[in-house]
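Trainee: Here it is: the structure, laid out below.
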Amino acid sequence: MYRYPKPLQNLINKLSRIPGVGKKTAQRIAFHIINMKPEDVRDLADSILKARSRTKSCSICHNISETDPCHICSDRTREGDRLCIVEKPIDVAAIESAGVYRGKYHVLGGVISASQGVGPENLHIADLKDRIKREGIKEVIIALNPTHEGEITSHYIVSLLSPLKVTITRIGIGLPIGGSLEYTDLVTIGEALRARKKIK
């Protein structure tokens, strides 16, 4: 059986650990990297290190940012009484790119999943009620992916927030069951937000 040189195989192994990158894709990326100019490889490595060391989690919304609080939480021109709940920071980017929402966000950091051993205590849910009260939130928009885990998490959040005097809506039509916000086109995301439905 053919074996790659150890440094190349090590790179392929590391790349294949990235979500969404299979063995074949990792091989293609690895071969591309070893054929790059040395200075371009250094730039790439430096960009990875800086992205890791110079970003942090916003202490308010848990989005990824260079500052704490992040630029969205710090922006006084945004609609401070609306809060959109998403699974991951990349979902914030997807919604922002659609250009139809001007409220604040709350990033859970995942969804409830019994098979993965993820419960509510492993997510950024504990501070949600306090934040809603503290910031005078009037509408909570649940924008979780329409997966089985997303549905379970949505139901949990609705039951948690039910005692509060807050309107709870859910993004509407256009997102297929099992779909993902990060891979959905901007027009569909925009329409889903405009067509959100009241839950409570």
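Trainee: Among the residues of segment 44-64, is there at least one that is part of a loop (DSSP other than H, G, I, E, B) and over 23 Å from the mean Cα position of the chain (by Cα)?
Mentor: No, every residue in segment 44-64 fails to be part of a loop (DSSP other than H, G, I, E, B) and over 23 Å from the mean Cα position of the chain (by Cα).
Trainee: Out of the residues in segment 103-128 meeting the condition of being under 24 Å from residue 93 (Cα atoms) and among the polar types (S, T, N, Q), tell me which one is surrounded by the most Cβ atoms within 10 Å (Cβ to Cβ).
Mentor: It comes out as 113.
Trainee: Next up: I'm trying to understand the selection: among the residues of segment 94-118, which are farther than 16 Å from residue 19 by Cβ, modelled with pLDDT of 95 or more and either in contact with a Ser or Thr (Cβ under 9 Å, 6 or more places away or on another chain) or among the hydrophobic types (A, V, I, L, M, F, W, C) (or both)?
Mentor: Selection gives 102, 107, 108, 112.
Trainee: When you scan segment 103-118, do you find a residue that is in a helix (DSSP H, G or I) and not hydroxyl-bearing (Ser, Thr, Tyr), even just one?
Mentor: no
Trainee: Return the residues of segment 130-168 that are charged (D, E, K, R), farther than 21 Å from residue 78 by Cβ and assigned to a helix (DSSP H, G or I); say none if nothing qualifies.
Mentor: The answer is 149, 151.
Trainee: Out of curiosity, is residue 59 in contact (Cβ under 8 Å) with a residue 60 or more places away in the chain, of a type outside the set (A, V, I, L, M) and closer than 26 Å to residue 182 by Cβ?
Mentor: No.
Trainee: Next question, about the same structure. Just wondering, is there one or more residues in segment 134-141 that are under 15 Å from residue 57 (Cβ atoms), touching a Lys or Arg at 6+ places or on another chain (Cβ under 9 Å), in the same structural domain as residue 165 (by TED's automatic domain parsing) and not small (Gly, Ala, Ser)?
Mentor: No, there is no match, as no residue in segment 134-141 is under 15 Å from residue 57 (Cβ atoms), touching a Lys or Arg at 6+ places or on another chain (Cβ under 9 Å), in the same structural domain as residue 165 (by TED's automatic domain parsing) and not small (Gly, Ala, Ser).
The values are calculated or read from the model by the stated rules, or taken from the named source; none is laboratory data. Quantities reported herein were computed from a predicted structural model and do not represent experimental measurements. Cβ sites come from the backbone with ideal geometry, for glycine too, and all protein chains shown count toward neighbours.
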